[in-house]
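A.B. asks: Pasting a structure below so you can have a look.
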Amino acid sequence: MSSLTTSMAQHLIKSVKVFLRFCRRQDDMEKDDPLWQPLTGAAERSFSAVEDLKSENETRISPKIIAQPTRGLVDEKIYIRVSNLIPNKKFTLRCLLQSEDKDLWHAYGHYISDDIGVVNVAEDVCLGGSYTGKEPNGLIWSLKPVPGSRPALRLRKQNVFIPFLLNISVHNGHINDDFKDACSLALTVMERWYIAPGVSRIEVRENGIHGTLFLPPGPGPVPGILDLWGGGGGLVEYRAALLASHGYASLALEYISTGKKSTSLNNVDLKYFEAALHFLKSHPKVSNEQIGVFGLSFGTSVALNIAANQNRISPKCLVCISGSHSVKIDGSLADVFADIEINTGKSKIDENNHVIWREFNLPRLADPSNKVKVGNIKCPLLLIAGDDDQNWIAVESAKDMENMMKAAGNEHLLTTIIYPKAGHLIEPPYSPHIRFSNYIILGEKQKVVMLWGGQTKEHSFAQEDSWEKILDFLYLHLYSSSSKL
Amino acid sequence: MKTRISPKITAQPTRGLVDEKIYIRVSNLIPNEKITLRCLLLSEDNDFWHAYGLYISDDKGVVNVAEDVCLGGSYTGTEPNGLIWSLKPVPGSRPALRLRKHNVFTPFLLNISVHKGHINGDFKDASSLALTVIERWYISPGVSRVEISENYIHGTLFLPPGPGPFPGILDLWGGGGGLVEYRAALLASHGYASLALEYMSTQNTSINVNNIGIEYFEAAIHFLKSHPRVSSEQVGIFGLSFGTSVALNIAAKGNRISPRCLVCISGSHAVKINGTIGDVFTNLKEEGGKIMVDENNHFIWKELILPRLADPSKKVKVGNIKCPLLLIAGNDDQNWPTVDSARDMENMMKAAGNEHLLTTLIYPKTGHLIEPPYSPHTRFSNFISAFNQEKVVVLWGGQPKEHSFAQEDSWEKILHFLYHHLYSSSIGLSKL
């Protein structure tokens, strides 16, 4: 691009001034201002000057980025295609997002445009960046905090009624991680939603239950899901919102409160979860039979306890991710956690000072009195685990459960999927893979960095694949099997 | 005791642009049963519009709109998008309505419901078995809306996100006047800096037809070309109805304002603008052209300017046009003689030797209001023309199925045409 000479610069400045004057409001202008009259004489000449200068120095039309869906659900695949690039040149595609915690996350890939100046992420090979190879969704699953961010972050949506805004940009050359001085050639924006239109959010504070119910639109009755997270506690809504967007009345349940008035875990036992199930079943828009339980981590242990318990509340099916049957809930959760934490002192620390919990729980599998009698489970059970889970003994537990169920004769109910190089936090796609993050251990004031495990590419595949299988499993057991009634 | 689990409706995209195709599938129905699918929308004017189709579920209790045959309703046959393009006002509505979006920053909310049996039109007592909601947007995320109400130009600029420079489009509607934004918002969502221009207002006295001449539109194009995020060489004009005539007048003028390309829908070159637009209307009145009325008292204006086609002095010299021109018309247009005009323009351009610039698309059984898909087809509606200020019901023409096909097909071709001439042809002009 030619450089501006002094006189051209002066001319440009003058023309821009003229242009800016034209854009001022009417009442700011003097009546004898030549721009008062619609585009005669000086005004027209000024515009022409600006146009001349623009076309002399103007760069080519911006590349065009097509990114779809413009407003999709978070678990939908993306399609990104850039055209009108200079052919056969190096470009970097970048996805930038700002979390609700104000951290910036990004993913990026190195490409070479083809003969007609096109990069098609679904078909082209990414040569480097936060992902490599032919990865249609790489720009979302490989998101990680930008250089200089606070350490040990985890990306979690708090308000499901606001989407994540993804800025997709294209840059000249192959840029590695540091985009501070890299201005984009083009930019587009996509929204990613955890909730579909029409789904309602209802705060539930009755019968001692503390949670949020997400209801699909329509008269119902729809199947219900009790949605349970793990020992980190709090009220995490986004997965329940997403499940409701797929047609399930989903109750995100808080059972470990992290708030100031720490609900005493002395008061939380299996009856609390049964009350939550009862709430779901009794809801006028929810089926009283087609209720499932969806658990991750400690939530999985809860689900197994409920299902194996010989009482009236029997779920229709269970989805159990990254958890174990080696946590029996006989009394209150306070007792249960105390029992687990006897061994916390035996947890390891890796070379980065990240806490590894996995192995201190291993001995539990040897003692039958610790373990839920999974032989009593009467409903289909989908068990999902990552073989690089550094937090919990999910894989060993899965094998042990298989053995117990074989012995009891109910292993036909069990489907197990173990994902290689996947870690503990198997979330809905396309959540970024979190290998470690800040964590507050229950009852302790200190914050540690917990190692969850997994390698990004394989973990992201596990999330994508397991979610598809989970949705098929839920549909089969909660929607379609009712048609036999 | 609870009944069986509700059927499950999958409708996608959940939040799409208005021109995106839809996918609707219902499962968990009782197999081999009659059901009715319905789409219900509440307009910003608080009128209800609906479309509906009669189906029979298959052996597995599934209805797939993309593949199954609709046996009746507001559309028939295998029509993947029938539930949106065949929308019409519900029974008992006010007459002669037209569905138009005012605020582009809120979506249309479409309620998709499934009902037992085959229901014909009257859903008052028909409770739904299941329901889902999808949003339809005229604007994609990141597009900004800038009000331009300076001293002279009155309009709204929609800018795509990013540094630019973008091609620009001057977006012109017709004789109904006012400031209509939704098409410009949609064009910006496809990557074009688009200026929706108001040039006939019944409220804003500065935009009076007696003050507005060609210079007004040239100022608007200047504005676009000079905008820091717009490429000064890649500016086109998109017109419908009277807007088409304006576009042709500008392009044929042969001065510095040369648009890069023109999209001209449902218009005619037989409207030459010499002075102001007010002068154009005065001339039309003086000519005393033929206005007809059909059996419903709907006004048919298509023969009003027909005699002008025989008079060269009344026609834009389209032989002077130097840029590619995409001409679109419906052969059931009851409002303007668009097909006759198209043929005449072809002849004039052949004689002048520039017919290689012209692409003409004439759609059968298609009326005047060829809008972006999947706008409902409006065969007639209330209209207050800037021409004579009366409120009448105007007959636009067209049959729903063919007209909707014309909208879908022409829009696809328009987007290709615009991309070819405003985006990709600039590759050859690179000065780097």
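A.B. asks: In segment B:8-137, what % of DSSP beta bridges are antiparallel (nearest 5)?
C.D. replies: Among the beta bridges of segment B:8-137, antiparallel pairing accounts for roughly 90 percent.
A.B. asks: Then there is this: Just rank A:Thr415, B:Thr132, A:Thr456, fewest to most, by other beta-carbon atoms within 10 angstrom. Mind dumping the intermediate values first?
C.D. replies: Values: A:Thr415 13, B:Thr132 26, A:Thr456 20.
Arranged by neighbour count, lowest to highest, A:Thr415, B:Thr132, A:Thr456 become A:Thr415, A:Thr456, B:Thr132.
A.B. asks: With θ set to phi - 60° and the Karplus curve 6.51 cos²θ - 1.76 cosθ + 1.60, what are the ³J(HN,Hα) couplings of segment A:120-129 in order, to the nearest whole Hz, using x for Gly and Pro?
C.D. replies: Listing the rounded values in order: 10, 4, 5, 10, 8, 8, 7, 8, x, x Hz.
A.B. asks: As a test of the definition: which semi-axes, in Å, follow for chain A when you take the square root of five times each eigenvalue of its alpha carbon gyration tensor? Largest first, please.
C.D. replies: Largest first, chain A gives 53, 25, 21 Å.
A.B. asks: Right, something else. Which of the residue pairs A:Lys64/B:Lys413; B:Lys34/B:Lys60; A:Lys373/A:Lys406; B:Lys101/B:Lys302; A:Lys371/A:Lys469 have a Cα-Cα distance greater than 20 Å in the structure shown?
C.D. replies: Distance filter (> 20 Å) returns B:Lys101/B:Lys302; A:Lys371/A:Lys469.
A.B. asks: At q = 0.08, 0.09, 0.11 Å⁻¹, what is the base-10 log of I(q)/I(0) for the protein assembly as shown according to the Debye formula with one equal point scatterer per Cα and no solvent? Please give it to two decimals.
C.D. replies: -0.85, -1.01, -1.29
A.B. asks: What FRET efficiency would be calculated for the residue pair A:Leu127, A:Ser149, taking the C-beta separation as r and a Förster radius of 25 Å, to the nearest 0.05?
C.D. replies: 0.50
A.B. asks: If you count the DSSP beta bridges with both ends in the protein assembly as shown, what percent of them are antiparallel, to the nearest 5?
C.D. replies: Taking every DSSP beta bridge with both residues in the protein assembly as shown, the antiparallel ones total about 65 percent.
A.B. asks: Can you pull out the GluC sites (Glu not before Pro) in segment B:20-122 that DSSP calls coil and that have at most 11 other Cβ atoms within 10 Å?
C.D. replies: Numbers: sites: B:Glu20, B:Glu33, B:Glu44, B:Glu67; in loops: B:Glu20, B:Glu33, B:Glu44, B:Glu67.
Sites meeting the loop and neighbour criteria: B:Glu67.
A.B. asks: OK, next. Counting other beta carbons within 10 Å of each Cβ, put A:Thr344, B:Thr106, B:Thr244 in order, fewest first.
C.D. replies: The fewest-first ordering by Cβ neighbours comes to B:Thr106, A:Thr344, B:Thr244.
A.B. asks: Which aspartates and glutamates, if any, have their Cα less than 12 Å from the Cα of B:Lys314, not counting same-chain residues under 8 positions apart?
C.D. replies: Hits, sequence-local ones excluded: B:Glu287.
A.B. asks: Can you give the average number of partner chain beta-carbon atoms within 10 Å of each beta-carbon in peptide B:56-66, as a whole number? If you can, show how the numbers build up before the last one.
C.D. replies: Numbers: counts 0, 0, 0, 0, 2, 2, 0, 0, 0, 0, 0.
Neighbouring Cβ atoms belonging to other protein chains average 0 per residue here.
A.B. asks: Let me ask something else about it. Go through A:His174, B:Gln407, A:Pro315 and say which Cα lies farthest out towards the positive end of the charge dipole of the protein assembly as shown; charges sit on Cβ, +1 for Lys and Arg, -1 for Asp and Glu.
C.D. replies: Working it through, the farthest residue towards the positive pole turns out to be A:Pro315.
A.B. asks: Same structure, new question: For the protein assembly as shown, build the charge dipole from Cβ charges (+1 Lys, Arg; -1 Asp, Glu) around the Cα centre, then report which of B:Phe238, A:Leu476, B:Trp137 sits farthest towards its positive end.
C.D. replies: Going by the charge dipole, the pick is A:Leu476.
A.B. asks: Right, next: List B:Cys261, A:Cys379, A:Cys320 from most exposed to least, where exposure is judged by having the fewest other Cβ atoms within 10 Å. Intermediate values should be presented prior to the final figure.
C.D. replies: Details: B:Cys261 23, A:Cys379 15, A:Cys320 31.
Arranged by neighbour count, lowest to highest, B:Cys261, A:Cys379, A:Cys320 become A:Cys379, B:Cys261, A:Cys320.
A.B. asks: Here's something else I'd like to know. Just for the Cα atoms in segment B:8-137, what are the lengths along the principal axes, largest first, rounded to whole Å?
C.D. replies: On the principal axes, segment B:8-137 reaches 44, 30, 24 Å in Cα extent.
A.B. asks: Out of all DSSP beta bridges in chain A, what portion is antiparallel? Express it as a percent rounded to 5. Don't jump to the answer; show the numbers that get you there.
C.D. replies: Numbers: 50 of 79 bridges.
The answer is about 65 percent antiparallel.
A.B. asks: Residue by residue, what Karplus-based ³J(HN,Hα) values in Hz, rounded to whole numbers, does segment B:90-105 have, using 6.51, -1.76 and 1.60 with θ = phi - 60° and x for Gly and Pro?
C.D. replies: 5, x, x, 6, 4, x, 6, 8, 9, 8, 9, 8, 8, 9, 6, 8
A.B. asks: Within 10 Å of each Cβ in peptide A:67-75, how many partner chain Cβ atoms are there on average? Round it to a whole number, please.
C.D. replies: Details: counts 3, 5, 8, 12, 10, 5, 4, 0, 0.
Mean shielding by partner chains, rounded to a whole number: 5.
A.B. asks: Per residue of A:186-198, how many C-beta atoms from partner chains lie within 10 Å of its own C-beta, taken as a mean?
C.D. replies: 5
A.B. asks: Looking only at Cα atoms, what is the convex hull volume of segment B:144-430 per residue, in Å³?
C.D. replies: Measuring per residue, one finds 122 Å³ for the Cα hull of segment B:144-430.
Values in this text are rule-based calculations from the coordinates and carry no lab data. None of the values given here were measured: they were computed from a predicted structure. Every residue, glycine among them, receives a Cβ derived from its backbone with ideal geometry; neighbour counts consider all protein chains shown.
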